[in-house]
1. Only one residue in ASN536, ASN520 is modelled with pLDDT of 90 or more and within 14 Å of ASN490 (Cα to Cα), so which one is that?
2. Is there any pair with a first residue in region 686-698 that is within 18 Å of ILE733 (Cβ to Cβ) and a second that is not in a strand (DSSP E or B) whose Cβ atoms are under 6 Å apart and which are 6 or more apart or on different chains, and what are they?
3. Taking interchain pairs and intrachain pairs at least six residues apart, which have beta carbon atoms under 6 angstrom, with the first residue in region 637-657 and more than 16 Å from LEU690 (Cα to Cα) and touching a residue at least 24 places away in the same chain (Cβ under 8 Å) and the second surrounded by 13 or more Cβ atoms within 10 Å (Cβ to Cβ) and among the small types (Gly, Ala, Ser)?
4. Quick check on my filter: what residues within region 386-418 are assigned to a strand (DSSP E or B) and over 38 Å from the mean Cα position of the chain (by Cα)?
5. I'd like the full set of residues that are basic (Lys, Arg) and more than 22 Å from ALA324 (Cβ to Cβ), limited to region 341-374.
6. Do we find that LEU309 is free of Cβ contacts under 8 Å to residues at least 60 places away in the same chain, in contact with a Pro (Cβ under 9 Å, 6 or more places away or on another chain) and surrounded by 16 or more Cβ atoms within 10 Å (Cβ to Cβ) in this structure?
7. For region 438-490: of the residues being hydrophobic (A, V, I, L, M, F, W, C) and not in a strand (DSSP E or B), which is modelled with the lowest pLDDT?
8. Sort out which residues of region 667-714 are over 23 Å from LYS758 (Cβ atoms), among the aliphatic types (A, V, I, L, M) and at pLDDT below 80, and write them in order of number.
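The values are calculated or read from the model by the stated rules, or taken from the named source; none is laboratory data. What you see is a predicted model, and the numbers here were worked out from it, not measured in a lab. All Cβ positions, even for glycine, are placed from backbone atoms using ideal geometry, and neighbour counts span all protein chains on display.
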Amino acid sequence: MKLLKYLGIFLILIVVVLYGLLFTGFGNNLVKPYIEKTVKDKSGFDLKLTKFDLNFKSLDISAIVNGEINADVRGKYSLFSQSFDLDYSVDVQNLNSFKIKLDEPMGLNGKIRGKVKDFDVNGVGKMLDSDVRFLAVLKDLKPFDVDLDAKGLNVQKAMKIANQPAFLTGKINAVANIQNGFGEANITSNNLAINKDGLKDKNITIPNNIALNLNSDITLKDNIITASSNLNSKLANIEAKETKFNLDNKNLESDFSLDILDLANLEPFTKQKLNGNLKVDGFTKVVDNKPEFVKFNLVGFGGEVNANLQNKILDAKINSIKIAELMGVASMPKAVSGVINGEIKINDVYDFNNIQGSAILNVIDGKINPVELKKMANLDFPQNNNFEITSKTLIENGIVDSVSNLTSNLFKIDNLKAIYNLKEKDLKADFKASIDDLSKLKEFTKQTLKGNLKASGDVSMKNNALKGLNLNVNTLGGEIKASSNGSNLNADVNNLKLNDIFALIGQNPLASGDLKAKINLSSIDIKNLNGTANINLSNSILNDKELSKMLNKEFPKNIKLNANSDINIANSIANFNAVINSDLANLKKLNGSFDINKNSLNANYEAFVNDLSKLAFISGKKMIGSVSLNGEIKKDAKNLVATANSDLFDGKFKANLTNENLKATFDKFKIEKLTHMLDFGEFYEGIGDLVFNYNTLAQKGDFNVDINESRLTPSKLTTAISIATQKDITKEIFNDSYVKGVINQGLVEFKSQMKAPKMDLNVTKGTLDTKTSKINIPVLINIEKTDIAADVTGTTKDPKVNVSSKYLEQKLEKVLDKGLDKLLGGKKNNVKDDNSSLNNDENSEEDSLKDGVKNLLKGFF
């Protein structure tokens, strides 16, 4: 008795707590935010309960949806009798959240009263541009009385409210008059059309709206709804002459037909050229939500399909269906042609334990259309190709056993055997494939391959998940072996020819060589990849012809390359350590990480170029010497950043490349070593500080070099000036000098200023063409008030120097005059005798001789 007493007290406490939680102000305040959150999570609507008063016998609730729809429900109800008597109202001022502009507000008011299974509801208001009025009485949740008047319902607005593209426009009329379980209803369209503007979101373009004509006549009698419906347009006619739905047992039976008189009318939707017509007729009966009987007949796509499902037996025949036509209707390029024939017969289609039957499917006259395949997959394919497919399947007690073969003049797949358990969803399959002559794929591989390819393997699945895979491939002079248990992958690649691999993937070969790889992945989920890999390339020679095309530069011949990389992958981040050696440069160290999911790279490197002259094809000119570099490389989805550092020419070189913008500084470097490396000769000595900016895409930039404690070294220029001035200008020390310039498409324009205690040297507009090495440098020099002009032309390798000075010319002329007068004994114009005319002739001859000698000596100068 005590147990019953305590149990009763416990039950009373539960009732009190539930009452407190559900039917008091405190409980209402607890429940209200939970309801708002649940509606938000389930529907995406922003529901705010402005009033939530739920008592034991009555309720009064007001809500605002998305800040624009007001709804109220109030009245009485009884939990015990399951009855209610409620008033409701819905007021819609705007629908901006649905991107709908209302011409006028919408609203609906009415009452709902009765019990859970027997109740009546009425309403009147303005909805979707229609003056809606309805009254419905339901008994046992079945319509007993229905009076509906909803004419002019705006379809476009309804689709927007349903969050669907507004590809229909027009209005729907719905009326019904049912009394005591008997009556009629009708649904018709008014200016209904496919909206050309609404289809733009689907990337479909039609010149005009396409009119639709909808009509459905519905009757209710003896709890059976009977409808006759049709939807007609220039695209297609869809009709169901008699559809019956039994309200008591929920069974459905209906005929159906689809008639497309001209498939060409569908071209704006399929984006493919179509022709012919298509007609589908049939009948179906659905019992307990399963098709009990189906009769289906399709005429089109060049053939016919007949199918019947009756007494759990499916019998179907496929006759002369054209693959290309199917692909066209599926909005795919008609890349494959061929004819499908087949027969299918299956018993007990709903019972996987006892299902049995057979199927035969064949494809004849198969062919790949290279032009259409190029559109679909951007792949080139041999013009001369054909194929046939045969497939036989047996089904016994839920086990599907099939054997398929593909034969082609290009490749073969022999005896693809598969066994599938329909109930357990398990699969076991094995296959063999071969290509007898790889040269037949030259359109695909871009070169003529020699040899063949043979592949074999097996696969197993458990509950439609991969459980085992073994693959063996022999081709391209090597072998590939791979295995997986569904969660891991082990693969060995031995002695594959690199140039043939390029060809196999449709890429012109950039290098030859022998490729080996060993891959061990403990997980193959791309989001959480783990494992190790080693990749080795040996005996590689870079393809100078293809690299010349790619770089648009003359790539050197017979460049050898070897590489090795160790990779450790954890959580889809590949940490790698690579060494690459070549005749051009050596990457002694390339360490870093690559995030596979983010497609981002972070690496550091050490590089050494032993002979810079081999990089002349990149720099555009011959360089001398060697260089070591180190730096970092970072790349993500948006940016590429690379740095370089070097102790070069006794200075510090630093560079930063951010996408296409290069910035570099070069502190305290020896200029003579730089000019030597650039093969300009050692015509200048000094310490320089360089700032350099360059855009690699525009090929434009600027530079500035500040020079301290510099001097000119012996050259054609200094020799010519020293002879003219009788001064050794190579001993002049310049301070606070500079060279500034701009670069535009390989043409360098610069100016320079150099000052020494007894000498100035200026260049106002010098030019250097880095592509041809041509130079044009006008030099102005002042040596102890003596002005000298020099033009340096020719090339950096073979410069031509032309020196001139008005001051020195005048000075030289005076010296020559005095010297020649002494040498020739002076003029004889002061001697007067009878032979004066003879004396004048002698003086004239002396002047001519003197001028000739002067010009000759000045010419030497």
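1. Residue meeting the stated conditions: ASN520.
2. Filtered contacts from region 686-698: GLY686/ILE671; GLY688/ILE671.
3. Every condition considered, the pairs that remain are LEU657/ALA642.
4. LYS392, THR393, LEU394, ILE395, GLU396, ILE399, VAL400, ASP401, SER402, VAL403, listed by residue number.
5. Listed by number, the list holds a single entry, LYS345.
6. Yes: the conditions hold for LEU309.
7. Out of the qualifying residues, it is LEU449.
8. LEU674, MET677, LEU678
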